[in-house]
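Participant: So that we are looking at the same thing, I have put the structure below in structure tokens.
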Amino acid sequence: MPIRRLSALTVNRIAAGEVIERPAAAVKELVENALDAGARRIEVILAGGGIARIEVIDDGCGIPRDELTLAIERHATSKLSDDSLVRIATLGFRGEALPSIGAAAKLTLISRPAGQDGAYMIKVAGGAVAAVVPSAGTQGTRAIVEDLFYATPARRKFLRSPGAEADAAERAVWRLALAAPEVAFRLVSDERVLFDVAAQSDAARIAALFGRETAGALLPLESIRGDMTLEGFAGPATLSRATTALQSFVVNGRPVVDPLLKLALRLAYRDVIAAGRHPVAALRLTLPPDALDVNVHPAKTELRFADTNAVRALVIGAVNRLLAKPASLTAPSASHRPLLNLRPASTAWHTPPPSPAARGFAEAELALLAPPAARQFDPTPEPQSHPLGAPVAQILDTYVLAVAADGALVIIDQHAAHERLTEERLRAEFQAGAVATQPLLVPVVVDLSPADAARLLAQADWLARLGLEIEAFGPGAVLVRAVPAALKNADSAAMLRDLAEEFAETGAPVSLEARLDSALARLACHRSIRAGRRLAPAEMAALLRDMEATPRAATCSHGRPTFLKLSRAELETMFGRRG
Ligand code: ADP
Ligand code: MG
């Protein structure tokens, strides 16, 4: 076949694959155009996760009637005055978004610049452009995208559920709204208002989009290094979250998802936050435009910094200084904790332990460990005959040591083990349709972001079957009326926030089973014996017996092992007693 030039339509469809890989990307491009147009107010309306319809309305400068055709042409932009790509001050500059959308979907642009008499409209569907016609409209631009990827069915197949696509689109608007607090934003998805925020200060915007309570715990940070400035807010070590969802980075006004910045933040918190948990931060980095290349990827969310070491050092230095401040020192000190809480097996079964109350156990926590009184003075202790053996000691207030009948040494992680027990118990109750519910005497109001609140409320029906009864309480707040009895002493606010994050991350899974799995894992975590809690011998024994009776007890909800076992043979090999 001879070489031939690709048609404009084919080129646009290829570009669409890169620039508009999912509805969230189209939403991002359209909102960026609105911001570049100097809008003071932007409204985004989604239907069916943005696959069916995306509408972005702004009150910006508008597109003059005679430029509408050019706006949807490839590589046509009003944002680069010359051919240098060095000082890019706008969010867009590649002139690719509108033609790409027009090639993959049905795009309608209605626009009216100040001073023009009336609005004009242009439509392009699957690359076919219709004539510019008069239309109704106030100052600004309305962009409507319908049936995304109808013209490129191969791409359509890769879309996730409308719920998951809606979540991704919401994240995109969330990031842009954090980058531009001086602009009012309203986001509606399938007729639900996810957020509606007026023009406001940076701090107020963060409070509105992170949730007031979380934002209230953040500490301000500012650091200057050469001609770079880092400012914003970051959490103390105690504010860790299960995901990186509450991390926002803005570089020269552009929201970015940059691996270097994410990693720098993770490193800065490495020593103070447990593995698998993530800090909360909203950071804004400003540096000379020529120290930065935003033209790395068509989506423009990744960057290339001229001096990566300096950027990393700036972030880590600023966070370290913040964490060194007394206000962030809320974690309990480990120095008072005895290193070894050794209980010889010979006395463990005959010495009554101090009363539970004296040890500071909550009543419900003991109840979960099965009736302690019955087990404390078990008259026929044949514990060695159990697979996990008899407890002989607790180490670091975290691990239980046990010896099995066959001489194997068993080491149990008390928190991991208990987490699994709680989860399985809740699951069994749920499946039997008999979850014990604990109504709260005083219902608890939990402040969340409006999006998180909406996400939780959408699951309210089956959460009620799980014993967690919630209802709407104004925008961004949820009222907790009842909790599963097994979780009655847990912090309901922390629990709800974790659940909301879980639903955001898993994108409201379709099957009840998948939802249940993720919810149970998150809930169980809130109700489990902490590492660092001294256990009475009877409690240790009860824990082991419960583990033996519980399915999947060998790993915790996060997949980590709950116990390790060293057989007698393994011990003998290690000590060179057998060869
Ligand atoms: P880019 O943003 O990279 O320039 P786009 O394809 O997104 O490319 O948009 C093409 C042009 O259309 C822009 O340069 C701008 O002049 C115009 N335009 C697009 N959206 C808007 C809007 N909401 N308000 C005003 N002008 C717009
Ligand atoms: Mg653009």
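Participant: Since T108 meets every condition but one in (1) of a type in the set (S, T, N, Q); (2) at pLDDT 95 or above; (3) within 15 Å of ligand 2 (Cβ to nearest atom), which condition does it not meet?
Facilitator: (3)
Participant: I've got another one for you. Is there a residue being at negative phi, open to solvent by 40 Å² or more (accessible area, probe 1.4 Å), in contact (Cβ under 8 Å) with a residue 24 or more places away in the chain and within 13 Å of ligand 1 (Cβ to nearest atom) anywhere in segment 47-59?
Facilitator: The answer is yes, given that some residue of segment 47-59 is at negative phi, open to solvent by 40 Å² or more (accessible area, probe 1.4 Å), in contact (Cβ under 8 Å) with a residue 24 or more places away in the chain and within 13 Å of ligand 1 (Cβ to nearest atom).
Participant: Which of the following residues is hydroxyl-bearing (S, T, Y), out of contact with any Gly (no Cβ under 6 Å at 6 or more places or on another chain) and either at pLDDT 95 or above or farther than 18 Å from G140 by Cβ (or both): S78, S7?
Facilitator: Selected residue: S7, the only one of S78, S7 that is hydroxyl-bearing (S, T, Y), out of contact with any Gly (no Cβ under 6 Å at 6 or more places or on another chain) and either at pLDDT 95 or above or farther than 18 Å from G140 by Cβ (or both).
Participant: Quick one: I42 ticks every box in (1) within 16 Å of ligand 2 (Cβ to nearest atom); (2) more than 20 Å from I144 (Cβ to Cβ); (3) of a type in the set (V, I, T) except a single one, so which number is it?
Facilitator: (2)
Participant: Moving on. Given the criterion under 17 Å from R277 (Cα atoms), modelled with pLDDT under 75 and of a type in the set (S, T, Y), identify the matching residue among S511, S557.
Facilitator: Of S511, S557, the one residue that is under 17 Å from R277 (Cα atoms), modelled with pLDDT under 75 and of a type in the set (S, T, Y) is S557.
Participant: Now a separate question. Considering every residue within segment 468-475, establish whether at least one is under 30 Å from L571 (Cα atoms) and either under 25 Å from the mean Cα position of the chain (by Cα) or open to solvent by 10 Å² or more (accessible area, probe 1.4 Å) (or both).
Facilitator: If we filter segment 468-475 for residues that are under 30 Å from L571 (Cα atoms), which is where we start, we get none.
Checked against the condition, which is being under 30 Å from L571 (Cα atoms) and either under 25 Å from the mean Cα position of the chain (by Cα) or open to solvent by 10 Å² or more (accessible area, probe 1.4 Å) (or both), segment 468-475 yields no hits at all.
Participant: On to the next question. For the list (1) within 16 Å of ligand 2 (Cβ to nearest atom); (2) open to solvent by 10 Å² or more (accessible area, probe 1.4 Å); (3) at pLDDT below 95, I need the number of the one condition that M1 fails.
Facilitator: Condition not satisfied by M1: (1).
Participant: Of everything in segment 387-436 that's touching a residue at least 40 places away in the same chain (Cβ under 8 Å), within 22 Å of A569 (Cα to Cα) and assigned to a loop (DSSP other than H, G, I, E, B), which residue is most open to solvent (accessible area, probe 1.4 Å)?
Facilitator: D406
Participant: A follow-up question, please. Which condition number does L109 fail, the rest of (1) within 11 Å of ligand 1 (Cβ to nearest atom); (2) open to solvent by 10 Å² or more (accessible area, probe 1.4 Å); (3) not charged (D, E, K, R) being met?
Facilitator: Here L109 clears every test but (2).
Participant: Does A291 meet the test of being under 21 Å from E501 (Cα atoms) and among the aliphatic types (A, V, I, L, M)?
Facilitator: no
Participant: Still on this structure, please answer the following. If we scan segment 155-174, do we find a residue that is in contact with a Phe, Trp or Tyr (Cβ under 9 Å, 6 or more places away or on another chain), within 16 Å of ligand 2 (Cβ to nearest atom) and either without any contact (Cβ under 8 Å) to a residue 24 or more places away in the chain or within 28 Å of T90 (Cα to Cα) (or both)?
Facilitator: Yes, because at least one residue in segment 155-174 is in contact with a Phe, Trp or Tyr (Cβ under 9 Å, 6 or more places away or on another chain), within 16 Å of ligand 2 (Cβ to nearest atom) and either without any contact (Cβ under 8 Å) to a residue 24 or more places away in the chain or within 28 Å of T90 (Cα to Cα) (or both).
Participant: Can you go through T238, T229, T244 and tell me which one is open to solvent by 30 Å² or more (accessible area, probe 1.4 Å) and part of a strand (DSSP E or B)?
Facilitator: Result: T229 is the single residue among T238, T229, T244 that is open to solvent by 30 Å² or more (accessible area, probe 1.4 Å) and part of a strand (DSSP E or B).
Participant: Within segment 295-320, track down each residue that is without any contact (Cβ under 8 Å) to a residue 24 or more places away in the chain and assigned to a helix (DSSP H, G or I).
Facilitator: Once the filter is applied, which keeps residues that are without any contact (Cβ under 8 Å) to a residue 24 or more places away in the chain and assigned to a helix (DSSP H, G or I), segment 295-320 yields only N309.
Participant: Here's something else I'd like to know. Restricting attention to segment 261-294, and to residues there that are under 22 Å from R212 (Cβ atoms) and assigned to a strand (DSSP E or B), which single residue is modelled with the lowest pLDDT?
Facilitator: Narrowing segment 261-294 to residues under 22 Å from R212 (Cβ atoms): 277-284.
Still in the running and assigned to a strand (DSSP E or B): 278, 281-284.
Values: H278: 90, A281: 97, A282: 97, L283: 97, R284: 97.
Ranking the qualifying residues of segment 261-294, first place goes to H278.
Participant: Right, A25: closer than 27 Å to R186 by Cβ, within 14 Å of ligand 1 (Cβ to nearest atom), over 28 Å from the mean Cα position of the chain (by Cα) and not charged (D, E, K, R) or not?
Facilitator: No.
Participant: List pairs: first in segment 18-29 and open to solvent by less than 10 Å² (accessible area, probe 1.4 Å), second within 14 Å of ligand 2 (Cβ to nearest atom) and polar (S, T, N, Q), Cβ under 7 Å, 6+ apart or cross-chain?
Facilitator: Hits for this filter: V19/S100; I20/S100.
Participant: In segment 122-133, which residue that is part of a loop (DSSP other than H, G, I, E, B) and open to solvent by 20 Å² or more (accessible area, probe 1.4 Å) is farthest from E55 (Cα to Cα)? Let's see the steps before the verdict.
Facilitator: Narrowing segment 122-133 to residues part of a loop (DSSP other than H, G, I, E, B): 126-127, 130-132.
When the remaining residues are screened for being open to solvent by 20 Å² or more (accessible area, probe 1.4 Å), the result is 127, 130-132.
Values: G127: 19, A130: 19, A131: 21, V132: 19 Å.
Step by step, filter segment 122-133, then rank; the result is A131.
The values are calculated or read from the model by the stated rules, or taken from the named source; none is laboratory data. The model shown is predicted, which means the values in this text are computed figures rather than measured ones. Cβ sites come from the backbone with ideal geometry, for glycine too, and all protein chains shown count toward neighbours. Surface areas here come from the heavy atoms of the whole protein model, side chains and all, with no ligands, DNA or RNA. Shrake-Rupley method; radii C 1.70, N 1.55, O 1.52, S 1.80 Å.
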